Amino acid sequence: MSHNSFGHLFRITTWGESHGPAIGCVIDGCPPRLALSEADIQPFLDRRRPGQSRFTTQRQEPDQVRILSGVFEGMTTGTPIALQIDNVDQRSRDYGEIAAKFRPGHADLTYELKYGIRDYRGGGRSSARETAMRVAAGAIARRVLGAGVRIRGALVQLGPHRIDRTRWDWDAVDANPFFCPDPVAAAEWEEILLAVRRAGSSVGAVIEVVADGVPPGLGAPVYAKLDADLAGALMSINAVKGVEIGDGFAAASLSGEDNADELRMADGIVAFGSNHAGGILGGISSGQPVVARFAVKPTSSILAPRRTVDRDGRETEIATKGRHDPCVGIRAVPVGEAMVACVLADHLLRQRAQNPDAPEVARLPRN
């Protein structure tokens, strides 16, 4: 299977399956002499880890990461960094019934049509279990970006229920099981999602990721647009069906006057009157916060019987058993943060390679 790597100068290759002995990744291109230990990675994995609340899958994986290479005496060496997480709570018996059936909404059918073989245990390579390694890689990407860049994600919509943006509070995100910035909505969502879980159903979600402190100049105007790479990275996350940057689709309903982010000078630095563009103009970062949102579909594994076919082409029914998230979008929040971090780190290294004297703030060059 090809295409298991992404990035250019900061390049990540992941490996492993949901019910295999382990999952892992190799990160190539990380600069040397960055302080790095497993303790720098583990907190991000802990935010994504399953089984932490009644609103996520109850699979109990500690997700303890091990650094196998690329770090010596607490510092990166510039060589490939290999990371590994052991799988310890696989229950492959839950998937015996679907070995010969295709689950609607899953990748079962397309994997079979493409490869002629598939690992039906938890989806194998197509499982969201793989995203743990993206989160681990994202932790290292944050070290590359430095403390001046802050990347935060939040769940802003659960099914049809949206937050009230006037109540946005970043401190609330880690104070509830939904990564929700609106504490009132978070309390309401508990009852909503409990009802969904009791019914054996699922709902989708929308996640917003904001990167503050991104320097201007990241990206390129044609085939390496920063927003295009962010969209591709976020679309590569399991169950994601849509991505928007800045105002996204809402920009289509604005006038040109309303959509334009007006410019002015403030203490010798370019300042913006708004951020409809989401921090990216012409594929290049402007120095404003980079804002991206992505939509996650409802979890396809549900208890309600659905019509399907088996490997012999016979029509039948299937009800998916096992341990599943009633809203897979909840744990997608740290995954989205990680993908944004990896893309920004890759583009930062590209910018330094081509333009090492570029300004770190949106300052115009003096004549």
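The values are calculated or read from the model by the stated rules, or taken from the named source; none is laboratory data. Keep in mind that what you see is a predicted model, and the values were worked out from it rather than measured. All Cβ positions, glycine included, derive from the backbone under ideal geometry; neighbour counts span all protein chains shown. Ligands, DNA and RNA are stripped out before the accessible areas are found, and what is left, the full protein with its side chains, is counted by its heavy atoms. Shrake-Rupley method; radii C 1.70, N 1.55, O 1.52, S 1.80 Å.
For segment 118-137, give me each residue that is out of contact with any Asp or Glu (no Cβ under 6 Å at 6 or more places or on another chain) and outside any helix (DSSP H, G or I). Write out each step before concluding.
Initial filter on segment 118-137 (out of contact with any Asp or Glu (no Cβ under 6 Å at 6 or more places or on another chain)): 120-123, 126-131, 133-137.
Matches in segment 118-137: Y120, R121, G122, G123, S127.
Scanning segment 127-140 turns up no residue that is in contact with a helix residue (DSSP H, G or I) (Cβ under 7 Å, 6 or more places away or on another chain) and surrounded by fewer than 20 Cβ atoms within 10 Å (Cβ to Cβ).
Any idea which residue in segment 271-299 is farthest from P104 (Cα to Cα), counting only those that are of a type in the set (G, A, S) and open to solvent by less than 30 Å² (accessible area, probe 1.4 Å)?
Restricting attention to segment 271-299, the residues satisfying the condition of being of a type in the set (G, A, S) are 271, 273-274, 277-279, 282-283, 285-287, 292, 295.
This time we only want the ones that are open to solvent by less than 30 Å² (accessible area, probe 1.4 Å), so: 271, 277-279, 283, 285-286, 292.
Details: A271: 49, A277: 37, G278: 35, G279: 38, G283: 37, S285: 39, S286: 42, A292: 29 Å.
In this case the residue turns out to be A271.
In segment 198-209, the qualifying residues are those that are open to solvent by less than 20 Å² (accessible area, probe 1.4 Å) and modelled with pLDDT of 95 or more, and the one that is nearest to I318 (Cα to Cα) is G204. For segment 150-172, a residue qualifies if it is assigned to a helix (DSSP H, G or I) and either among the charged types (D, E, K, R) or under 20 Å from E244 (Cβ atoms) (or both), and the qualifying residues are R165, R167, D171.
Exactly one residue among R307, R350 is under 16 Å from A228 (Cα atoms) and open to solvent by 10 Å² or more (accessible area, probe 1.4 Å), and that residue is R350. Only one entry of F55, F44, F10, F6 meets the criterion of being modelled with pLDDT under 90, open to solvent by less than 70 Å² (accessible area, probe 1.4 Å) and in contact with a helix residue (DSSP H, G or I) (Cβ under 8 Å, 6 or more places away or on another chain), and that entry is F55.
Residues in segment 181-197 include none that are open to solvent by less than 50 Å² (accessible area, probe 1.4 Å), assigned to a loop (DSSP other than H, G, I, E, B) and out of contact with any Lys or Arg (no Cβ under 9 Å at 6 or more places or on another chain).
Of all residues in segment 141-154 being open to solvent by less than 20 Å² (accessible area, probe 1.4 Å) and touching an Asp or Glu at 6+ places or on another chain (Cβ under 6 Å), which is nearest to L83 (Cα to Cα)? The extreme case among them is I151. Checked against (1) crowded, with 21+ Cβ neighbours inside 10 Å; (2) at pLDDT 90 or above, L113 passes all but a single condition, namely (1).
In segment 337-350, the residues that are within 15 Å of R47 (Cβ to Cβ) reach residues that are basic (K, R) and crowded, with 24+ Cβ neighbours inside 10 Å with C-beta atoms within less than 7 angstrom, at least six apart or across chains, in these pairs: A338/R134; M339/R134. Give the residue that is farthest from G122 (Cα to Cα), with candidates limited to residues of segment 260-270 that are open to solvent by less than 50 Å² (accessible area, probe 1.4 Å) and of a type outside the set (A, V, I, L, M). Among those residues, the one meeting the criterion is G268.
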